[in-house]
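*Asks:* Sending over a structure as structure tokens; questions will come in a sec.
The values are calculated or read from the model by the stated rules, or taken from the named source; none is laboratory data. Predicted model only: the values in this text are computed from it and were never measured. Heads up, the Cβs are rebuilt from the backbone with ideal geometry, glycines too, and the neighbour counts pull from every protein chain shown.
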Amino acid sequence: MVKRGIVVKQATLQTDEVPQFENSTFVRSQFDVQKQIVASVKRSQSDEGIDISTIEAPTCVCLNLEDLKCFEVVEHQYEHWGVIFGNSLAIQPSNPAFPTNSGLTVLMGAPKSGFLEARFLRPVSQVSACITSSQRLVMSAYDRDRQLLAQSILPSANLANSDSVLPPNSLLSVTYQNIYSVTFCAFDGQFTLSDFCFCV
């Protein structure tokens, strides 16, 4: 399947097994993190001295979405932290099927439904996000040349108050060296994304 010039190689990476999620929140120890930065749209005075290009591994940057306005198009707001979004909108869900995980604000793919992209200004090694989706969702990581590196799959919908075996805000993550971008694709479904973190 070709979407926006990206070839998604589903057949080699599909699984019928349902993953077990022990905890639907971001777990720092999962990535053996020595330092974690909570990144806001507006830098605080303590953040002014941080240069993302000089951050040493292992350090994770977790985005605080609460500074975003509802229905704000999200693209360059976190560029000073090293990430640019594409086809992304900040919302505060009113539909109870899409509960928030932490805070009130989440990201969703818009104006094109079911697709969201994050591009990194320098390569990262791990990316994670909590996802609630109306159908199966694939998180794909790519290198500088847009070659597929790794995928993480939410095998079915996980809306709240549904018969899904997966909880809302399920954690998806990819780990691979030299990740330059990730995409989230629910194939024209609807999804929300929160707790977006990446590690260098």
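*Asks:* Based on what the data block shows, is ILE84 of a type in the set (Val, Ile, Thr) and within 21 Å of PRO167 (Cα to Cα)?
*Replies:* Against the criterion (of a type in the set (Val, Ile, Thr) and within 21 Å of PRO167 (Cα to Cα)), ILE84 does not qualify.
*Asks:* Name every residue in the range 88-103 that is in contact with a Cys (Cβ under 9 Å, 6 or more places away or on another chain), over 10 Å from SER194 (Cα atoms) and either of a type in the set (Lys, Arg) or assigned to a loop (DSSP other than H, G, I, E, B) (or both), in order of residue number.
*Replies:* GLN92
*Asks:* Right, something else. Out of the residues in the range 104-124 that are part of a strand (DSSP E or B) and either in contact with a Ser or Thr (Cβ under 6 Å, 6 or more places away or on another chain) or among the charged types (D, E, K, R) (or both), state the one that is surrounded by the most Cβ atoms within 10 Å (Cβ to Cβ).
*Replies:* If we take residues in the range 104-124 being part of a strand (DSSP E or B) and either in contact with a Ser or Thr (Cβ under 6 Å, 6 or more places away or on another chain) or among the charged types (D, E, K, R) (or both), then VAL106 is surrounded by the most Cβ atoms within 10 Å (Cβ to Cβ).
*Asks:* Inside the range 176-200, can you point out the residues that are among the charged types (D, E, K, R) and either in a strand (DSSP E or B) or under 12 Å from TYR142 (Cβ atoms) (or both)? Explain how you work it out, then say what you get.
*Replies:* Filtering the range 176-200 down to residues among the charged types (D, E, K, R) leaves 188, 195.
Answer for the range 176-200, where residues must be among the charged types (D, E, K, R) and either in a strand (DSSP E or B) or under 12 Å from TYR142 (Cβ atoms) (or both): just ASP195.
*Asks:* Just one of ALA97, ALA90, ALA39 is surrounded by 14 or more Cβ atoms within 10 Å (Cβ to Cβ) and modelled with pLDDT under 85; which is it?
*Replies:* Numbers: ALA97 fails: modelled with pLDDT under 85; ALA90 fails: modelled with pLDDT under 85.
Testing whether each residue is surrounded by 14 or more Cβ atoms within 10 Å (Cβ to Cβ) and modelled with pLDDT under 85 leaves just ALA39.
*Asks:* With the structure loaded, tell me whether LYS9 is at pLDDT below 90, among the charged types (D, E, K, R), touching a Leu at 6+ places or on another chain (Cβ under 7 Å) and on the phi < 0 side of the Ramachandran plot or whether it fails that test.
*Replies:* Answer is yes for this residue.
*Asks:* Here is a list of conditions, (1) surrounded by fewer than 15 Cβ atoms within 10 Å (Cβ to Cβ); (2) more than 19 Å from LYS42 (Cα to Cα); (3) of a type in the set (A, V, I, L, M, F, W, C), and VAL127 meets all of them except one; can you say which number that is?
*Replies:* (1)
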